[in-house]
Each structure stands twice: as C-alpha cells, then as structure tokens.
Amino acid sequence: MDYKYIEQLLERYFEASTTLQEEQILRAFYAQADDEMPGELKRYAPLFQAYDEQPTLGDDFDERLLAMTEGQPQHVKARTVSMTERLRPLFKAAAVVAVVLSLSNAINQSLQPNNTWTSPDSYATVGPAGDEPAMAYDKGVDTIFVAGDSLRLATGTIE
C-alpha cells in the first residue's frame, strides 16, 4: 500500500497547516488496526489515538460546577495594611546599617595609633590659655582689616 499521502499529511500536520478534514483523515487512518503499517508511521499512532480517548465534559458540566460552588459560600476577610507595616522591613534594615556603621567607626577610631580623641596623653599637652586668646583676636582683627582694604582697592573705592 502507498503511504505517501499520509506522510504528506503528517508533514503538514506538524507544520500546523492541515485542515480539519485532513486531521480527521489522519485520525481515521490511525484508528484502523493495520499490522502492515510501516514502523515510521506506527510511531505516530499514540498521538492520534489519544484524540479518541479524550473524555468529554458533558452537557451538564456547567450545572454540576455551579452546584459545587454555590453550596458553600466562602467569606474572605480583607486585611488593611498601614504604611508603617509596609515600611517596617526598611526600618529594620536602616537600623542594622546604622549599628554596623557606628560599630565600624568605633573600631576604626580605636585602632588608629595617633588617636587624638581618646588618647589621655593629648590632655597633658594643653596648658593654660594665658595671652594666646588675645593674640589670636588681634591677628583676626588685622586680617579682617587687611582683607577689607584689599577689597576696597579692588572695587576702586579708596577713602
């Protein structure tokens, strides 16, 4: 028997270019039990025989489904989520970052050899103020007047 037409239909079927009538021809061909069918065509038999074994839903499927769902109403309780509840994970993450940064800063400060903030030796070098504040004030006033004179020279307003 010549199976060229069936092979052409199979090729078109796998390319998704067959019509419904051609697919029915393929189903009818594989529905017949032919022991003389070549092995190349037999391997596709389960594919087309599965169409015949598909269960149908029936005409009363909708009524049965509605009867199953209508008998037991389900109440769903909505839960309101506030903004603080939504942001709580971010608050926790920010707190962890702050703790880690402050600890790393403290460790970094304690490991520096010339630490002037925590070294008790740095307090011994500080002496009485004496005349130093007055001298600093005089230098600051002189600097301000010199800056003011140069500003007047730059703008061209000489008095």
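Here, each number is a calculation from the coordinates, and none is a lab measurement. Please read all numbers here as calculations on a predicted model, not as lab measurements. When we count neighbours, we look across all protein chains shown, and the Cβ atoms used for this are built from the backbone with ideal geometry, even at glycine.
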Practice task
Could you calculate the contour length gain from S102 to R79, that is, 0.36 nm times the residue separation minus the distance between their Cα atoms, to one decimal place in nm?
Solution key: 4.5 nm
Exercise for the section: Tell me the GluC sites (Glu not before Pro) within the stretch 3-40 that lie in a loop according to DSSP and have at most 15 other beta-carbon atoms within 10 Å. Expected result: E15, E36
Handout entry: Burial ranking of peptide ranges 77-87, 102-112 (average Cβ count within 10 Å, highest at the top)
Key = 102-112, 77-87
